[in-house]
Amino acid sequence: MNAPTVVAASPTSERGPLAGAIFDTLVHRIGKDEHAARPHDWLAATILTVRNEIIERWMVSTRAAHAAGAKRVYYLSLEFLIGRLLRDTLSNLLKTDEVADALSELGVMLAELEEIEPDAALGNGGLGRLAACFMESMASLDLPGYGYGIRYVNGMFRQRIDNGWQMELPETWLANGNPWEFERRESAYFIGFGGEVTGNEQGAVHWHPAEAVEAVAVDTPMVGWRGRRVNTLRLWTARAFDPIKLDAFNAGDFQGALADQLRAETLTRVLYPNDSTAAGQELRLRQEYFFSSASIQDIVRRHVQYFGDVRTLPDKAAIQLNDTHPAVSVAELMRLLIDHHELGFDEAWEITRATFGYTNHTLLPEALESWPLPLFERMLPRHMQLVYAINAKLLREARATNGIDDRAIAAISLIDEGGERRVRMANLAFAGSHSVNGVAALHTDLMKQTVFADLHRLYPTRINNKTNGITPRRWLQECNPALAALIREGVGDRFLDDATALSELAPLADDAGFRDRFAAVKRSNKVALAEHLRAEMGLRLDPNAIFDVQIKRIHEYKRQLLNLIETVALYDQIRSHPDRDWTPRVKLFAGKAASSYYNAKLVIKLANDVARRINADPAIGDLLKVAFVPNYNVSLAEKMVPAADLSEQISTAGMEASGTGNMKFALNGALTIGTLDGANVEIRDHVGADNIVIFGMTADEVAAKRSGGYDPRAVIEGSRELSQAINAISSGVFSPDDPYRYRDLMQGLYDHDWFMVAGDFDAYAAAQRDVDARWRDRDAWGRSAVLNVANMGWFSSDRTIAEYARDIWGVM
Ligand SMILES: *Cc1c(COP(=O)(O)O)cnc(C)c1O
């Protein structure tokens, strides 16, 4: 669709009403006729027309919640990885065919418009995609839910691969405007930073910020399944109070005149500014406070407007903190209740705790947010006072509890006193919430045993589990229409309302005719992906090979390196024994590395180096192909997931909190090769141990090895395949242009191997050969694939949201 479309528009008299409405929008809202319209103009005209339909339902949803005095759910998240909205919205409105027909009357293909819609780049990985699935499920379950986040102008970076290296380019998802959104100029809030506080805890307290910006709301409608309900995703954008300082401008200082506006806009430019510098760190904390304060002010304002009394807030509002990024909200609500609504500290604290819930997403120490105390105090002096006051109360409670000694007190404290003093955001979120949840059963157990062990002893009923889920609308119906149609033929379409109805497919696993049709769907998805990758990357892939896919952020704990080393070992084996009956494989990788994460970027380069060498080796032919697909995002996932035979979920046990990629693949009929980590454990329980390939150390074994003298050198030297593969990489076989490129990376495996790549290698390689053997038994493979789909219904985010609603939010 890059060239302007030549539209053979039908005469007005032959157009149906919807085609007429789209055409009318094109002319009157976009200001183009069919000759001048570019594809993006048609896209905008289509979205604006569909939006009209949504607006009425949106207002109905809002009015109904208001009239019923219903409790509302507020989901605060620094990320919403919503991806494209057109296909999702039409599908949920059951209007896909109607709109496709109307567009074809106008000579436009809906599918082509869907492909040029930009991905909303408002997230980085699983945490952001979870927030998006939750928004969809809340609307589908008819819960009044609001998402609150930041409207990043550039979001995450766009990844380009240059000579095998990751390049980071600005994401420009707003280049053609965003027809989905409504700017609410009237919903604007004052957000202060810095300055000083006068008064004291006994009297009235005044914070006099040194600096302030205005937060302006931008709303996007979130349409639930069957259009049942339309909720709001409210994203904040920053604006200077004085867009221009005229005196400076008139004095010729043009840049100075615009400096405030630039400083405000910087706040909502990018997600996760590189925080390896002090300035980057400060910007990140400013972002977190900016969106937390705007959201909490908005929630309190709405509550007081509807219900009059701020003290009933917990009866009418549940606020969920998606990880600790919005944890400063706890102090912000306290500030509003005490300084603006004049409640006493204890009453404010009761209300705050009854209102918040906190979801933990990681136990990795380096990922637990904490802020240098001097920075926190300088930027948020009033919040610092409140954190001290909360901490004093918390530690008083702790000291009054049996069995909590000084070591435990130090671990519970909101202030980390070891070395440079820091404010611990996870402890603040924990203390300020009535519910703290993990995102898979194993992760929740580990929370109790490790990071939160002492807080758990103090508040033994607070931690609970809510295993993540994914929406079956986007991740089955929309991304895999052929499979959805086959399922519908088999068991009807109730699975879209209640995904556990997929279990009715189970008997069809034994039906050879059904299995054949199931296999044909998978094959056609593989052909489509192969065609896409041929067009985008010039790759030639054999759709008869196993499509073995690892797509997710690049991180050492996710162990793309384990997969790559095994790929190199397999390559070696095929070359040494070309006459064996090898099972052809296509190894696909995709994912972004954080811009400051050197080893992750090196793993991307290694994937590309390995791919180049193997793909060019005539001795290998179609037996093994490797590709790194650039710029992983939701839309790419929607193409790759339906085409996968094998899903790689191979994190070091104990390190992946849940994973949701694992769920998408299994729901689309891929078999999982994985460790007993995160939600893999529960996936095994649901699909059955015979229909998943589990390998490697358990979380307990990893922990025991780490404390009990793990000797990776001995492990490597004890495995011929592993040591050969490591030596090949280390000695430059895949990087002849720079033979030492991977020496340090490989040396790290000998020296410490924190992620136990060597420790799990032999088990992983054996599991891969088990996969080969299963693949050759086409009936058994097909049976397992069908049983995966049939048993994944429990992993619907509808189930997850229903659990949050019942156990945490009290709204169902
Ligand atoms: C589902 C999804 C993720 C999460 O994947 P994991 O394998 O669970 O890490 C990340 N990014 C995108 C674009 C996704 O769709």
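Give the residue that is farthest from the ligand (Cβ to nearest atom), with candidates limited to residues of the stretch 97-139 that are in a loop (DSSP other than H, G, I, E, B) and free of Cβ contacts under 8 Å to residues at least 60 places away in the same chain.
Out of the qualifying residues, it is Met109.
Applying the selection to the stretch 618-673, what residues are assigned to a helix (DSSP H, G or I) and near the ligand (Cβ under 10 Å from one of its atoms)?
Val634, Ser635, Leu636, Ala637, Glu638, Met640, Val641, Gly661, Asn662, Met663, Lys664, Phe665
Can you pull out every residue in the stretch 297-317 that is under 20 Å from Arg184 (Cβ atoms) and either in contact with a Pro (Cβ under 9 Å, 6 or more places away or on another chain) or outside any helix (DSSP H, G or I) (or both)?
Within the stretch 297-317, Ala317 is the sole residue that qualifies.
Looking at (1) away from the ligand (no atom under 16 Å from the Cβ); (2) within 30 Å of Gly748 (Cα to Cα); (3) in contact (Cβ under 8 Å) with a residue 40 or more places away in the chain, find the lone condition where Ala611 falls short.
Just one mismatch for Ala611, condition (3).
Kindly indicate which of Arg286, Arg302, Arg228, Arg263 is surrounded by 19 or more Cβ atoms within 10 Å (Cβ to Cβ) and either farther than 26 Å from Met425 by Cβ or not hydrophobic (A, V, I, L, M, F, W, C) (or both).
Matching residue, one of Arg286, Arg302, Arg228, Arg263: Arg286.
Would you pick out the residues in the stretch 751-765 that are surrounded by 15 or more Cβ atoms within 10 Å (Cβ to Cβ), out of contact with any Asp or Glu (no Cβ under 9 Å at 6 or more places or on another chain) and part of a helix (DSSP H, G or I)?
Ala758, Asp760
Quick one: which residue in Val568, Val549 is under 23 Å from the mean Cα position of the chain (by Cα) and either under 29 Å from Ala790 (Cα atoms) or β-branched (Val, Ile, Thr) (or both)?
So the residue among Val568, Val549 that is under 23 Å from the mean Cα position of the chain (by Cα) and either under 29 Å from Ala790 (Cα atoms) or β-branched (Val, Ile, Thr) (or both) is Val549.
For the structure I just gave you, tell me whether Ala431 is out of contact with any Phe, Trp or Tyr (no Cβ under 7 Å at 6 or more places or on another chain) and surrounded by 20 or more Cβ atoms within 10 Å (Cβ to Cβ).
Yes.
Could you tell me whether any residue of the stretch 517-531 is within 16 Å of the ligand (Cβ to nearest atom), in a helix (DSSP H, G or I) and in contact (Cβ under 8 Å) with a residue 40 or more places away in the chain?
yes
Test Glu377 against the criterion of being at pLDDT below 95, assigned to a helix (DSSP H, G or I) and within 30 Å of Tyr272 (Cβ to Cβ), and give yes or no.
No, not satisfied.
Out of the stretch 394-423, which residues are in a loop (DSSP other than H, G, I, E, B) and in contact (Cβ under 8 Å) with a residue 40 or more places away in the chain?
Result: Thr401, Gly403, Ile404, Glu420, Arg421.
So, in the stretch 674-697, exactly how many residues are surrounded by 24 or more Cβ atoms within 10 Å (Cβ to Cβ), assigned to a helix (DSSP H, G or I) and of a type in the set (Val, Ile, Thr)?
Qualifying residue count for the region: 1.
Can you report the number of residues in the stretch 209-262 which are charged (D, E, K, R), on the phi < 0 side of the Ramachandran plot and under 35 Å from the mean Cα position of the chain (by Cα)?
Adding up the residues that qualify gives 8.
Does Ala699 satisfy the criteria of being free of Cβ contacts under 8 Å to residues at least 60 places away in the same chain, among the small types (Gly, Ala, Ser) and at negative phi?
Taking the combined requirement at face value, the residue does not satisfy it.
The values are calculated or read from the model by the stated rules, or taken from the named source; none is laboratory data. Remember, it's a predicted structure, so these values are computed and weren't measured experimentally. Quick reminder, even Gly has a Cβ in these numbers, built from the backbone with ideal geometry, and neighbours come from all protein chains shown.
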